[in-house]
Amino acid sequence: QVQLVESGGGLVQPGGSLRLSCAASGRAFSNYAMGWFRQAPGKERDFVAAINWSGGITAYADSVKGRYTISRDNAKNTVYLQMNSLKPEDTAVYYCAAAGVGLPRHAAGYDYWGQGTQVTVSS
């Protein structure tokens, strides 16, 4: 079992920045690829970014490429999502997830999920 707890969400103005954190506990964190997803009201949960076990390989959705950066610190059992140049359409609940195999871009590829943190981009 892996337990995941997100933090760092909040209200930010368009053009602003936020950094989300996801702290993991339980089984060896470095065994897992980690991903971030988001879900807006009435919409499906969408892939945002993913990072492999070592941090050497990352993947991003086209909608966030160049604005978001995913990173991890295996010594702290934490994965981060730095979000810059935020737009109102980035408003959603953001979830982190752990995958035991591969570097999935789809939610079904992940084994463990956090409870989510709300990000609201509004003036």
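The residues of segment 33-48 that are surrounded by 15 or more Cβ atoms within 10 Å (Cβ to Cβ) and either in a loop (DSSP other than H, G, I, E, B) or free of Cβ contacts under 8 Å to residues at least 12 places away in the same chain (or both) amount to a single one, 45. Condition first: open to solvent by 50 Å² or more (accessible area, probe 1.4 Å) and of a type in the set (A, V, I, L, M, F, W, C). Now tell me which residues in segment 60-115 satisfy that. Within segment 60-115, 75, 101, 103, 108, 113 meet the criteria. Here are some residues: 10, 16, 26. Which one is in contact (Cβ under 8 Å) with a residue 24 or more places away in the chain and on the phi < 0 side of the Ramachandran plot? Step by step, each of 10, 16, 26 is checked, and only 16 is in contact (Cβ under 8 Å) with a residue 24 or more places away in the chain and on the phi < 0 side of the Ramachandran plot. For segment 107-122, state whether one or more residues are aliphatic (A, V, I, L, M), modelled with pLDDT of 95 or more and under 19 Å from residue 19 (Cβ atoms). Scanning segment 107-122, I find at least one residue that is aliphatic (A, V, I, L, M), modelled with pLDDT of 95 or more and under 19 Å from residue 19 (Cβ atoms), so the answer is yes.
Among the numbered criteria (1) open to solvent by 20 Å² or more (accessible area, probe 1.4 Å); (2) of a type in the set (A, V, I, L, M, F, W, C); (3) modelled with pLDDT under 95, which one does residue 2 miss? Here residue 2 clears every test but (1). A single member of 57, 51 is touching a residue at least 12 places away in the same chain (Cβ under 8 Å), of a type in the set (A, V, I, L, M) and open to solvent by 50 Å² or more (accessible area, probe 1.4 Å), and it is 57. Residue count for segment 1-32 under the criterion of being of a type outside the set (Ser, Thr, Tyr) and part of a loop (DSSP other than H, G, I, E, B): the result is 9.
The values are calculated or read from the model by the stated rules, or taken from the named source; none is laboratory data. Note that the structure is a prediction, hence the values are computed from the model and not measured. So basically every Cβ, Gly included, is an ideal-geometry build from the backbone, and we count neighbours across all protein chains shown. Just so you know, the surface numbers come from the protein's heavy atoms only, side chains and all, with ligands and any DNA or RNA stripped out. Shrake-Rupley method; radii C 1.70, N 1.55, O 1.52, S 1.80 Å.
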